[in-house]
Structure formats: C-alpha cells, structure tokens
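Shown below is the structure under consideration.
The values are calculated or read from the model by the stated rules, or taken from the named source; none is laboratory data. From a predicted model like this one, the values you see are computed outputs, not experimental measurements. Note that each Cβ is placed from the backbone with ideal geometry, even for glycine, and that neighbours are counted across all protein chains shown.
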Amino acid sequence: MPRLSSCTMSLRQLSVAGVALIGALLLAGCTFPTTAPPAMPPASPTTVPIPTPTPDPIIDTGPAKGAMGETETDAEGTIRYTTVAGDVGGLICDRFGRAYWQLDREENNAGFDCHTILGVGVVVIPTTDEKPR
C-alpha cells in the first residue's frame with residue numbers, strides 16, 4: 001500500500017506544479033503597457049470647393065421677325081427689351097439666347113410661361129436665372 005500513497009503524493013505535487021506553471025504563464029503574459037499609444041487627431045471632413053457654373057452671357061443678336069423691339073442696357077449691364085406689335089415670347093428668348101424662365105417683366109418681376117400674352121410696350125429683362133425646380 002505504500003505505493004499508492006506515494007503515487008497520490010506525486011499526482012498531488014504534479015497538480016500543484018501544473019497550476020503554478022499555468023498561473024506563472026498567465027501572469028507573465030498579462031502585462032500593462034508602459035506608454036499609451038499616440039492619440040490620433042479627430043477626423044475632420046475636407047472641404048473641396050465646388051465651382052459655381054458661370055452662366056452664358058446675355059447677347060442681343062439683334063432684331064428678328066417676332067422680336068423687333070428696342071433694347072437699352074444700363075450701367076450695370078442689365079438689358080431691357082420693350083415689346084412691339086407682332087413680338088412672340090419664344091422669339092424674344094431666341095434673340096437673347098434665353099429660355100422662357102429667363103425673361104422677367106420689369107413692372108412686376110414675374111416670369112413667363114407658355115400662356116403669357118405680350119402686349120405692346122411691355123418691358124422684359126433677360127436674366128441668367130437657373131431653371132426653377
């Protein structure tokens with residue numbers, strides 16, 4: 001029987017040694033860093049300037065059938081067109097290279113649409129306005 005107890009002692013000693021070895025390995029691997037990692041600056045979005053489209057210049061191509069009125073240009077470069085008998089809105093637009101939404105009436109700054117009737121003596125101003133959405 002003495003053999004059994006010596007085997008038991010050996011197993012007990014071996015178990016204690018194994019637990020001690022595992023504990024030592026765990027403690028050796030769990031160390032705290034001595035210096036903190038460098039702080040990263042917060043990310044900030046970069047702003048890339050978006051170029052503003054330059055509108056086409058307003059050019060008076062001169063009187064044409066359906067757009068025979070007189071024009072005046074002030075010191076700021078604003079063109080004023082006065083309608084005459086026989087003028088047609090679309091042809092006035094063509095004369096200045098504009099779309100219908102780019103003509104304003106001087107008296108009330110209202111635009112034109114497909115149903116606009118032009119009387120004689122109405123002053124219209126070609127603009128570089130963008131198409132309404």
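The conditions are (1) of a type outside the set (Asp, Glu); (2) modelled with pLDDT of 90 or more; (3) more than 29 Å from Val122 (Cβ to Cβ), and Ala39 fails exactly one of them. Which is it?
(2)
I'm checking my understanding of the structure. Among residues of region 89-111 that are aliphatic (A, V, I, L, M) and either closer than 14 Å to Thr127 by Cα or at pLDDT below 90 (or both), which one is nearest to the chain's Cα centre (by Cα)?
So the first thing to find is which residues in region 89-111 are aliphatic (A, V, I, L, M), and the list is 91-92, 99, 103, 110.
Filter once more, so that each one left must be either closer than 14 Å to Thr127 by Cα or at pLDDT below 90 (or both): 92, 99, 103, 110.
Working: Ile92: 34, Ala99: 26, Leu103: 28, Ala110: 29 Å.
Once the filter is applied, the top-ranked residue is Ala99.
Can you find a residue that is over 26 Å from Val123 (Cβ atoms) and under 39 Å from the mean Cα position of the chain (by Cα) anywhere in region 53-75?
Yes, there is a match, as at least one residue in region 53-75 is over 26 Å from Val123 (Cβ atoms) and under 39 Å from the mean Cα position of the chain (by Cα).
Note down all Cβ pairs under 7 Å where the first residue falls in region 72-83 and is within 16 Å of Glu107 (Cα to Cα) and among the hydroxyl-bearing types (Ser, Thr, Tyr), the second is at pLDDT 95 or above and in a strand (DSSP E or B), and they're at least six residues apart or on different chains.
Tyr81/Thr71; Thr82/Glu70
Quick one: which strands (runs of 3 or more DSSP E) lie wholly within region 44-133 and hold at least 3 residues that are surrounded by 13 or more Cβ atoms within 10 Å (Cβ to Cβ)?
On the way: elements: 70-73, 79-82, 103-105, 123-126.
Answer list for region 44-133: 79-82, 103-105, 123-126.
From Thr61, Thr52, Thr78, Thr116, grab the single residue that is farther than 23 Å from Pro132 by Cβ and of a type outside the set (Lys, Arg). I'd like the intermediate steps shown before the answer.
On the way: Thr52 fails: farther than 23 Å from Pro132 by Cβ; Thr78 fails: farther than 23 Å from Pro132 by Cβ; Thr116 fails: farther than 23 Å from Pro132 by Cβ.
Thr61 is the lone residue from the list that is farther than 23 Å from Pro132 by Cβ and of a type outside the set (Lys, Arg).
Also, I was wondering about something else. With respect to Gly77, determine if the residue is at pLDDT below 95 and among the small types (Gly, Ala, Ser). Before you say what the answer is, go through the steps one by one.
On the way: at pLDDT below 95: yes; among the small types (Gly, Ala, Ser): yes.
Answer is yes for this residue.
Can you spot a residue in region 21-34 that is assigned to a loop (DSSP other than H, G, I, E, B), of a type in the set (S, T, N, Q), at pLDDT below 75 and surrounded by fewer than 10 Cβ atoms within 10 Å (Cβ to Cβ)? Don't jump to the end; show me each part of the working.
Step one: list which residues in region 21-34 are assigned to a loop (DSSP other than H, G, I, E, B), which gives 30-34.
Those left that are additionally of a type in the set (S, T, N, Q): 31, 34.
Okay, now just the ones that are also at pLDDT below 75, so 31, 34.
This time we only want the ones that are surrounded by fewer than 10 Cβ atoms within 10 Å (Cβ to Cβ), so: 31, 34.
Scanning region 21-34 turns up at least one residue that is assigned to a loop (DSSP other than H, G, I, E, B), of a type in the set (S, T, N, Q), at pLDDT below 75 and surrounded by fewer than 10 Cβ atoms within 10 Å (Cβ to Cβ).
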